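The next block holds one structure in the form of structure tokens; read it before the comments.
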Amino acid sequence: MDKNIKGYDSPNALWRKVEYSRPNNIGISIMFIILVLMMSHSLYGESLHKEYNPNQKMVIISKTVIDTIKANLIFKEKYEPIILEKYKKGIEKKEKIDSLYLNTPSKVKTPEEKKLLQQAYMTYSKAYLPELATKFRVPLPKPIIIPFHTRVKMYTKDGIELTDRNLKKGKITKEVKEYLKYYSIFLEDSLKDEQSRIKLGWCEWLKKEEIPYKIIQESILNPNYRGLNYNRSSVLDESEYAGLIRGWEFLDSSTGTFRKDTYPQEINYLVYNEIPTYKVFGKTNSVRKVYDNNGNLKYISGLNRSISIEELEDIKRIVYLEDYKNNKHNIKSQSHKTLQFLEKSLSTPNEVTNIKYKKRNLLLKSAMVMDSYIKVAAFNPVLSENYAKVLKSSDKMKKMQEEAKKIDVVGLRYIEQLEEDHKNDFEYVYQIDRLSDTSFRVVYLNAQTLTPSYCAVVLYYTGDKPYTTKFSTKLVPMPSDIPTVIIK
């Protein structure tokens with residue numbers, strides 16, 4: 001059966017309801033109009049948002065504008081007369097079918113009328129006997145109710161042969177009347193669809209190459225402009241990516257060959273045809289590191305807000321170090337021990353993060369020990385006293401006490417105060433630019449004033465061993481061409 005038809009084929013059913021679904025030509029036409037009106041120059045040349053420079057406030061786009069007056073004129077001159085003539089013939093055809101069905105003559109007389117009976121039969125066969133009408137492409141009309149006994153008769157071999165003989169003779173039997181009724185509904189639906197399509201005019205009938213248009217250029221606000229997306233780190237990372245990896249796009253577009261070395265050290269890496277003498281570490285869409293055959297760093301694919309956490313945190317450290325050197329909050333008046341602690345903590349990469357981790361770890365361990373003490377005390381006061389004595393002399397407690405001595409309380413509070421002082425300064429990583437194959441410039445944005453707060457350079461270099469990487473950070477003057485923020 002036709003895939004568009006759903007029916008109830010139970011032999012006990014008295015009636016069979018036929019449902020179908022016809023293509024919605026009007027819906028397709030309206031969608032075509034929308035697509036045409038939304039056409040941009042990208043149909044004739046690429047224009048991708050991800051290629052827009054995030055530092056550029058305005059961008060030029062190309063739009064396609066349709067000359068509707070000219071398009072309508074083409075339709076009226078080329079298509080409308082033919083369409084209306086076809087529509088008129090369709091009306092005449094339906095009127096003839098209706099007259100044969102309603103007047104119910106016993107037999108048709110002219111070859112034209114016999115042809116109409118044949119067309120009605122073929123349309124009906126498409127819906128109910130598709131295996132007999134595979135050569136015909138006839139759309140289906142509205143649902144109708146067909147008596148069960150008629151359906152059964154039409155599916156028998158004798159019934160089909162009898163119908164064929166009646167059609168050839170031009171006889172209008174009860175079965176043929178069903179065809180005429182069905183065909184009349186089919187023609188009525190077709191005429192309604194045609195009438196709706198005629199109302200749509202040029203946008204329904206003109207071919208794509210016939211539509212008159214012109215391309216205009218327009219200046220619009222760049223959707224990638226960082227001043228619009230200052231608080232959307234993922235958007236900034238994506239819009240900056242093309243600029244950061246320019247010249248090395250093959251790392252994304254090409255498939256590298258996996259290699260493994262076991263001597264002098266065991267390493268896994270990728271080799272690309274574009275750089276056959278280099279070894280690439282890292283997965284696609286992550287930060288890739290490229291080394292030569294001696295393990296020297298040659299290229300870093302980018303600096304990412306969500307991945308390069310350690311580097312971005314280190315920029316904060318060197319700002320805190322500047323505050324310390326400038327005696328912010330009169331810190332130099334503190335004890336020699338506190339100053340030594342701050343000198344070491346603020347001069348060593350990752351040390352501030354390590355200190356905060358040690359403090360949290362120490363607090364966690366203390367809480368666990370205290371919880372154990374409380375449980376013992378609740379169980380037996382005598383045991384609790386003995387437990388406290390043992391605890392004081394235990395290796396665990398001694399180690400905790402040693403760790404606590406390493407953290408200068410005053411110095412730690414000073415670092416925490418600096419973090420609070422600069423909380424707004426480091427809210428947004430506003431801009432990341434490539435300076436060289438292994439260095440980047442980072443600009444932070446103050447969350448309160450929405451103006452640039454600090455600018456630093458991150459430089460990557462080969463570590464102590466081949467195929468390893470270290471980095472350094474330093475503050476640099478703020479560039480004068482930083483894009484301004486647009487408040488929505």
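The values are calculated or read from the model by the stated rules, or taken from the named source; none is laboratory data. This one's a predicted model, so the numbers in the text were calculated from it and none came from an experiment. Counting neighbours? That spans all protein chains shown, and the Cβs are built from the backbone with ideal geometry, glycine included.
The residues on offer are SER301, SER286, SER233, and the sole one that is in contact with a Ser or Thr (Cβ under 9 Å, 6 or more places away or on another chain), surrounded by fewer than 16 Cβ atoms within 10 Å (Cβ to Cβ) and within 30 Å of ILE61 (Cα to Cα) is SER233. In the set (1) out of contact with any strand residue (DSSP E or B) (no Cβ under 8 Å at 6 or more places or on another chain); (2) under 30 Å from LEU251 (Cα atoms); (3) in a helix (DSSP H, G or I), ILE315 fails one condition alone, (1). Of the helices (runs of 4 or more DSSP H) lying entirely inside region 88-198, those containing at least 3 residues that are crowded, with 18+ Cβ neighbours inside 10 Å, at pLDDT 75 or above and touching a helix residue (DSSP H, G or I) at 6+ places or on another chain (Cβ under 8 Å) are 111-128.
Within region 416-443, how many residues are farther than 17 Å from SER306 by Cα and crowded, with 21+ Cβ neighbours inside 10 Å? Total satisfying the criteria: 1. Evaluation of ILE215 against the conditions (1) in contact (Cβ under 8 Å) with a residue 24 or more places away in the chain; (2) crowded, with 16+ Cβ neighbours inside 10 Å shows that the sole unmet condition is (2).
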